1. For region 293-351, what are the residues that are out of contact with any Pro (no Cβ under 7 Å at 6 or more places or on another chain), under 13 Å from Ile276 (Cα atoms) and assigned to a loop (DSSP other than H, G, I, E, B)?
2. Return a yes/no flag: does region 83-100 have any residue that is in contact with a His (Cβ under 7 Å, 6 or more places away or on another chain), over 14 Å from Gly35 (Cβ atoms) and open to solvent by 30 Å² or more (accessible area, probe 1.4 Å).
3. So, of the residues in region 318-352 that are in contact (Cβ under 8 Å) with a residue 60 or more places away in the chain and in contact with a Phe, Trp or Tyr (Cβ under 7 Å, 6 or more places away or on another chain), which turns out to be farthest from His250 (Cα to Cα)?
4. Six or more apart or on different chains, Cβ atoms under 8 Å: show the pairs whose first residue is in region 383-411 and within 16 Å of Leu271 (Cβ to Cβ) and whose second is modelled with pLDDT of 95 or more and exposed (fewer than 14 other Cβ atoms within 10 Å of the Cβ).
5. Could you tell me how many of the residues in region 287-346 are at pLDDT 95 or above and on the phi > 0 side of the Ramachandran plot?
6. Considering Asp239, Asp311, which residue is under 30 Å from Glu195 (Cβ atoms) and touching a strand residue (DSSP E or B) at 6+ places or on another chain (Cβ under 8 Å)?
7. Kindly list the number of the only condition in (1) surrounded by 15 or more Cβ atoms within 10 Å (Cβ to Cβ); (2) in contact with a strand residue (DSSP E or B) (Cβ under 9 Å, 6 or more places away or on another chain) that fails for Glu329.
8. Among the residues of region 376-396, write down those that are basic (Lys, Arg) and under 14 Å from Thr313 (Cβ atoms).
Amino acid sequence: MSTNPPDLRPDLAPKAKLRDPARPGQPSIGMVSLGCPKALVDSERILTRLRAEGYGVSPDYAGADAVIVNTCGFLDSAKAESLDAIGEALSENGRVIVTGCLGAEPDYITGAHPKVLAVTGPHQYEQVLDAVHAAVPPSPDPFVDLLPASGVSLTPRHFSYLKISEGCNHKCKFCIIPDMRGRLQSRPAHAVMREAEKLVDAGVKELLVISQDTSAYGVDIKHAEDRGHRAHITDLARDLGSLGAWVRLHYVYPYPHVRKLIPLMADGLVLPYLDIPFQHAHPDVLKRMARPAAASKTLDEIAAWRDICPDITLRSTFIVGYPGETEAEFQTLLDWMDEAQLDRIGCFQYENVDGARSNALPDHVPAEVKQERWNRFMEKAQAISEAKLAAKVGSVIDVIVDEIDEDAATCRTKADAPEIDGNLFIDEGFEGLCVGDIVRVEVDEAGEYDLWGKLV
């Protein structure tokens, strides 16, 4: 049992969990999946394809005939982490195929690690398979290698990420994701629903909807309707809510039509939870970021959402120390936080990223100032979180069980997404629980980021 640390990078996916050991003599592939949940879904798709071709999935370097490293290129620190992971895989296994966002810069990878077998870019599934075939020829056994209907999952069996689109049409100056992953490409709504139905049929209790811009889902395909399902986020959320699982929405930009989602939350079809990347509150900083500069209107929207659904949980991420950020602009962000009273808050210190337009902006903020502002920001975020959680003591809420050990059952409320938010711990009378159970709990203690409770 561990409490949630306040300084987790808010873009990280849960650590991949590998199951189903290979049969004797079966060619086996290892997977190191870095970065965000969108990358984790890519890893699942790659392994599902390989599993269908007769490959096993190895949970360690020693048992793998080759290792795929699915990289992250969002920040320079993430790039360094990816290079370290590639180096470790080369040292421990020696046969390494690189894919993912950092794979869009093959020279950068091969310059540091010339011995990698192949480098492919993000969501280039066919090229990854070709590289695996070249390194480790398949040897399927049609009588043994039967792929489960749900495919290969790298998350616990009771929750799953559901990717609804790729790419992004925004031109934020600090971000190179559109350069790596391209413009918005929405999946047909009927295909998303078919995948969701299979996941729920396989026992998934929570669907975490992800994309680069969930609010824009369907814009590129003109909200096409096919086989009874329309490619619009409001329609999709309503359809997903009919399946009986928890539905959690991530990466929702605060476009005006987002207000139409809130009644679905009030009615219980979708979890009352919005993950919205506000990034900052001062209009001049937002303008330098090339983001919509409407912080005051955002406060009005938040108030409107809470009027419709008082129980709504709002999560967001922010950047401090953006080029040109003055002390007055930073103070505006702190004041905005006091007004907005967001429930879940993550924060990055600004970093230059090779290829980002923000690198050329004047007046970069010194590292020590960025750190000092981050500390002040997180101190305020922690105080808000602590007060909001204290207000939950005495309430009775539904939780989903994520993990059980000898000390406690680690659970999440409807207000908590895996890894990036807090937990609720049941440390008495939890022996009869199973992972994936949804149970009612009375909250009897609160901390800065986590809750404790007892079964009702």
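1. Leu342, Asp343
2. Within region 83-100 (the criterion being in contact with a His (Cβ under 7 Å, 6 or more places away or on another chain), over 14 Å from Gly35 (Cβ atoms) and open to solvent by 30 Å² or more (accessible area, probe 1.4 Å)), the answer is yes, since at least one residue qualifies.
3. Tyr322
4. Within 8 Å, the pairs are Ile397/Arg440; Asp398/Arg440; Val399/Arg440.
5. 3
6. Every option except Asp239 fails the conditions.
7. Only one criterion is unmet by Glu329, namely (2).
8. Lys388, Lys392
The values are calculated or read from the model by the stated rules, or taken from the named source; none is laboratory data. Treat the numbers as computed from the prediction; the structure is a model and nothing was measured. Every residue, glycine as well, gets a Cβ built from its backbone with ideal geometry; the counts of neighbours run over all protein chains shown. Please note that ligands, DNA and RNA were not included when accessible areas were found on the heavy atoms of the full protein model with its side chains. Shrake-Rupley method; radii C 1.70, N 1.55, O 1.52, S 1.80 Å.
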